[in-house]
Amino acid sequence: MGPGTQPAPPPFARMAADPLRWRLLRELSRSDRRVRELVALADQPQSLVSYHLAQLRASGLVRARRSSFDGRDTYYHLDLARCAQSLAAAGAALHPGLRLDLASPPVPAGGGPSRGTVLFLCTGNSARSQAAEALARGRPGGRAQASSAGSHPRPLHPNTLRVMAERGIDLAGQRPKHLSVFARRRFDYVITLCDRVREVCPRFPGHPGYRHWSIPDPAATGGSDQDTYPAFEQMAADLETRIGFWLAALSAETAHTSVQEV
């Protein structure tokens, strides 16, 4: 680099500087989305949205996976851990004193009343939603009142019990439940964890905040329990990251509301 030459802005700064890319990042921070949903939310042509999504994917900030409901469709999701690392790197590039250690999802402050009720849904209530419920309940400082159910309940998968036990969570007493059990319950949030159940998710009373996290069924890879265990470990790791950031956002919203009320 020659005299007077300025370093290029960090990748996160370049990606976030564009207003449409920033809008897409904001929308994907709330829920996994398909292209047509992002087109409607951004009110921009599909070709333009697809172009910027390709830029975000190339940067590693956004990932994509085929829908398990319709293999011709694709869900996009924000890689929150990668965003946190990129944002920390951008701060350090601006000034060493802005260097942040964001190696893991933030942990909300403990104490106080529950911050919200949430229902996690998947098809079988045998893996993803059960794991999400357990992680939300057990997250330090989370204090979420979590429940889970499925559209076609099946017995808990042995690998679900195992992957949670390795995280110090005992699911031995848990049983699968049909989503109709909660049909009259009010929740602050309803989070669907598979693409199939999103298509049949009923409307719950009280207008909860709906979120979608497109997470593959770990049992769908086939083979023995030993063969599929890595997929269950990946599922649990993905849920830990998402739930950690979601609870941190919930904590921030609660604190902001409390300040306004004062």
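Can you give the FRET efficiency for Leu48 and Arg82, using 1/(1 + (r/R0)^6), R0 = 25 Å, r = Cβ-Cβ distance, to the nearest 0.05? Working shown, then result.
Details: r = 23 Å, r/R0 = 0.94.
So, using R0 = 25 Å, E works out to roughly 0.60.
Report, to the nearest 10°, how far helix 46-59 tilts away from the longest principal axis of the Cα atoms in the chain, using its own Cα long axis and a range of 0 to 90°.
That works out to roughly 90 degrees.
Among DSSP bridges having both ends in the chain, what percentage is antiparallel? Round to the nearest 5. Present the calculation step by step, with values, prior to reporting the outcome.
On the way: 7 of 23 bridges.
Of the beta bridges lying entirely in the chain, close to 30 percent run antiparallel.
Please find the FRET efficiency linking Glu199 to Ala252, where r is the Cβ-Cβ separation and R0 is fixed at 41 Å, and quote it to the nearest 0.05. Walk me through the numbers on the way to the answer.
Values: r = 31 Å, r/R0 = 0.76.
The computed FRET efficiency comes out at 0.85.
Could you compute the net charge surrounding Leu20? Neighbours are other residues with a C-beta less than 12 Å from the C-beta of Leu20; K and R count +1, D and E count -1. Working shown, then result.
Numbers: positive: Arg21, Arg23, Arg26; negative: Asp18, Glu27, Asp43.
So the surrounding residues net to 0.
Zone of His152 (label point 7 Å along Cα→Cβ, backbone N under 15 Å): which residues in segment 178-205?
Only 178-179, 194-201 fall inside the zone, counting backbone N under 15 Å.
On a full-extension model of 0.36 nm per residue, what is the gain between Ser180 and Arg162, subtracting their alpha-carbon distance, rounded to one decimal in nm?
Full extension from Ser180 to Arg162 adds 3.7 nm.
For helix 128-138, what angle does its Cα long axis make with the longest principal axis of the chain, in degrees from 0 to 90 and rounded to 10?
80 degrees
Say the dipole of the chain comes from +1 at the beta carbon of Lys and Arg and -1 at that of Asp and Glu; which of Ser29, Ala183, Ile243 then lies farthest toward its positive end?
Ala183
Give me Rg/Rg_expected for segment 181-258, where Rg uses Cα atoms only and Rg_expected = 2.2 N^0.38 Å with N residues. Please list the in-between numbers first.
Details: Rg = 15.6 Å, N = 78, 2.2 N^0.38 = 11.5 Å.
Relative to the rule-of-thumb radius for its length, segment 181-258 sits at 1.36.
Let me see the P(r) profile for segment 114-242: every Cα-Cα distance counted, bins of 10 Å, each bin given as a percent of all pairs.
The calculated distribution, bin by bin, is 13, 49, 32, 6, 0.
Which percent of Cα-Cα pairs in segment 1-98 sits in each 10 Å bin, short to long?
All Cα pairs considered, the percentages come to 15, 44, 26, 12, 4, 0.
Kirkwood hydrodynamic radius for the chain: how many Å is it when counted over pairs of different Cα atoms? Provide the component values of the computation, followed by the final result.
Numbers: mean 1/r = 0.0503 Å⁻¹.
Evaluated on the chain, it is 19.9 Å.
Please work out the FRET efficiency for the pair Ala237 and His95, using the Cβ-Cβ distance as r and a Förster radius of 30 Å; give the result to the nearest 0.05.
In this case the efficiency is close to 0.40.
Bear in mind these aren't lab numbers, they're just calculated from the coordinates by the rules spelled out. As the structure is a computational prediction, the values presented were derived from the model and not from experiment. Every residue, glycine as well, gets a Cβ built from its backbone with ideal geometry; the counts of neighbours run over all protein chains shown.
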